[in-house]
Amino acid sequence: MKKYLSLIIFFLICLAIQSQTLPNESVHVHVSKSLLITGESIRFRTWVQSETGPAFSKIAYAELIDRNSNAVAQVIFPLENGSGENYLLIPNTLESDHYIFRVYTRTSPYLGQEGIYNQFVTIINPKLPPGQAADQVTKNTYSSIEHSFKTIDLIETGISTSFDLPLDNFPKSEKNTFSIAFKNPFLPKNQKGFFRKEIYQHISQVNNLIPEPYGHIIHAKTLDYPIDTTETFFLSSHGNQSVLNSSKPDMERNLYFELGPLKDYNFLIAQSEKQEKQLNFSPQSPFAAFEFKNDFHFPTLILEEKDKELLQKLIVAGKSESYFTEEEIQEFLPIATGFVADRTYLLDDYTRFENLEVTLKEYVPEVLVRRQSRKMVLKVLDKPTAGVFQENPLVLIDAMPIFDVDKFGKMDPKGLKKLEVLSREFFLNKDRFAGVVSFSSFENDFGGFELPENALYLNYWPVQAPKKYISPHLIKIPKPDHFPDFRTKLYWSSDFDIHTQKTFYASRVHGEFELVYSYFDENGTWQQIRGTLNVSE
């Protein structure tokens, strides 16, 4: 019987995993382009490999880091079989500069040498020129990695024309990505590759290295003194679906809530079983905090008068991309939630009474309404023993626990769609409950019931669903004659078929474009082939 057992299964497996050595994970990333305008998105494809094949991590993290080690944009995204395609939106508030784009998993930075992928990208903000760093030209003592890169010969074409590429000699691979995008002229040549852990100060092993083989894990801390390791904290996740998780703090005050396959949530609600006290609950950032080494220097972004025409062209392209490129969000699939109820009531099939107390009394024989100290309490029939539980059941509305049952009983049930009753013992993590009384609203909005007084509403980082271009050319092909085509990214495919795709289409933007083909060879080694496309007026 499904009874919110995800945490039990997760921690049993984690104990088994941590009794052994966690596998190293190497992170490889293909970035759509390294020269962008604020308001654009960095499109990227990630592969995470272990020694035996695709990594078991189901979640990865991408960040945009400024030269002061501050994260200025962050995203959590899902992995499937060690791979994921996603995007990171560039804030309009960033000043023009070079930034580090980095990707990693929950455990990868602390284990293998290839656990973090770092790459410089250049961001242009038409309203915010480079800051004071532009006055201090400093060469980086670290050169980026470009090992195993191959190149193809220069290719020539004109604006708004079609062209073919010599791809017959490209190695075929089931795991590949191919892109054509405007070449970044503002990065030094030895800074156009990627970096690993060598650019950071010592990354020490964390005490509780918790992997994410099933989904995102929310880490929080309780600030209570003294610590009570028997106190149960509840965390309900709400969106198109709602799921309940629970955790008890360890001696270091850590709480871990495992979301499993749930990705589509909008907000979280935290509560403690001890409703009489103030909730001292602090969610922790899921992103890693690393400091650059003192001798790792960002290149200086220098914009000169001679770059004016190029910058105007990039700005037009960046501002028009969102209007003319066609893409759609890939929505997350629904997941199985909750438990298998002994009895389900669709409330519209019955008379709608004035409040929940009367509703339960009138036609829900599995739930008994009682009074203690003039307040309503509920008791559930124990079906296996044909008796009645003396303890209180777990009462839920849209997976959020209800502790003030008396207040809940006065609620008008018109916004509630369904009632599920479990007439037997129910185990959630280490806690036992005397049955479950679970209501679901029509709109998954608690049916108008107010948030409990000591509950904490959390706007937590979402797991971001990917977007897919409707066409790998980013626009409909063939283009109308007067179509305003100012693409600086001509092609993007995270599943490229070198045998069927031969013809490509230049935009009205002239200059040098970079071709990048990322793939895994027959030995499982990540490789790249690069080339240059010269588009003339």
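The values are calculated or read from the model by the stated rules, or taken from the named source; none is laboratory data. Nothing here was measured: the structure is a model prediction, and the numbers come from that model. Cβ sites come from the backbone with ideal geometry, for glycine too, and all protein chains shown count toward neighbours. Side chains are part of the model used for accessible areas, which takes the heavy atoms of the whole protein and leaves out ligands, DNA and RNA. Shrake-Rupley method; radii C 1.70, N 1.55, O 1.52, S 1.80 Å.
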13 Å cut-off, amide nitrogen to a point 7 angstrom out along LEU346 Cα→Cβ, residues in segment 393-420: 417-419
Report the label-to-label distance for ALA465 and SER285 in nanometres (one decimal), using points 7 Å from each Cα along the Cα→Cβ vector. 2.8 nm
What would the Debye equation give as log₁₀ I(q)/I(0) for segment 372-516 at q = 0.17, 0.21 Å⁻¹, counting only Cα atoms as equal point scatterers? -1.04, -1.37
Yeah, segment 200-341 with a ≥ b ≥ c from its alpha-carbon gyration tensor (a/c under 1.5 is rounded, else prolate when a/b outruns b/c, oblate otherwise) is oblate
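Once you sort the root eigenvalues of the Cα gyration tensor of segment 361-437 as a ≥ b ≥ c, which label holds: rounded (a/c under 1.5), prolate (a/b larger than b/c) or oblate (the other case)? Before the final figure, lay out the partial values.
On the way: a/c = 1.42, a/b = 1.26, b/c = 1.12.
Because its axes are fairly even, with a/c under 1.5, segment 361-437 counts as rounded.
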Label points 7 Å out from Cα along the Cβ direction at PHE483 and GLU443: separation in nm? 4.0 nm
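Which entries in the list LYS192/LYS468; LYS183/LYS319; LYS33/LYS175 go over 21 Å, if you measure between the two C-alpha atoms of each?
Working: LYS192/LYS468 26 Å; LYS183/LYS319 18 Å; LYS33/LYS175 19 Å.
Among LYS192/LYS468; LYS183/LYS319; LYS33/LYS175, the Cα-Cα distance tops 21 Å for LYS192/LYS468.
When a/c reaches 1.5 or more, the comparison of a/b and b/c decides; with that in mind, is the chain rounded, prolate or oblate per its Cα gyration tensor? Intermediate values should be presented prior to the final figure.
Working: a/c = 2.37, a/b = 2.01, b/c = 1.18.
Cα axes put the chain in the prolate bin.
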Centre separation in Å (Cα based) which lies between segment 225-269 and segment 286-350: 25 Å
Which angle between 0 and 90 degrees, to the nearest 10, do you get for helix 6-18 versus the longest principal axis of the chain when only C-alpha atoms count? 60 degrees
Report, to the nearest 10°, how far helix 308-324 tilts away from the longest principal axis of the Cα atoms in the chain, using its own Cα long axis and a range of 0 to 90°. 40 degrees
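Tell me the relative contact order for segment 428-516 as a rounded percent, counting alpha carbon contacts under 8 Å between residues six or more apart.
Values: 30 pairs, mean separation 18.7, N = 89.
Relative contact order of segment 428-516: 21 percent.
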Centre separation in Å (Cα based) which lies between segment 203-220 and segment 450-502: 29 Å
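Which whole-number percentage describes the relative contact order of the chain, with Cα contacts under 8 Å and a sequence gap of 6 or more? Mind showing how you got there, number by number?
Numbers: 1180 pairs, mean separation 114.2, N = 537.
Relative contact order here is 21 percent.
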Starting from the Cα of LYS407, move 7 Å in the Cα-to-Cβ direction to define the label point; list residues of segment 260-298 whose amide nitrogen is under 12 Å from there. 275-276
Using only DSSP helix segments of four residues or longer, with each worth -39500 (n - 2.57), what per-residue ellipticity at 222 nm results for the chain after dividing by its residue count and rounding to 500? -2500 deg cm²/dmol
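Given an 8 Å cut-off on Cα distances and at least 6 residues of separation, report the relative contact order of segment 186-258 as a percent. Kindly include the intermediate steps, with their values, before the conclusion.
On the way: 65 pairs, mean separation 21.9, N = 73.
Over segment 186-258, the number comes to 30 percent.
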Which residues among segment 170-191 fall inside the zone where the amide N is under 17 Å from a point 7 Å beyond the Cα of LYS150, along Cα→Cβ? 170-179
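Once neighbouring chains are kept in place and the probe is 1.4 Å, which whole percent of the accessible area of segment 498-537 is contributed by carbon and sulfur?
Working: 620 of 1610 Å².
Ligands and nucleic acids excluded, carbon and sulfur give 39 percent.
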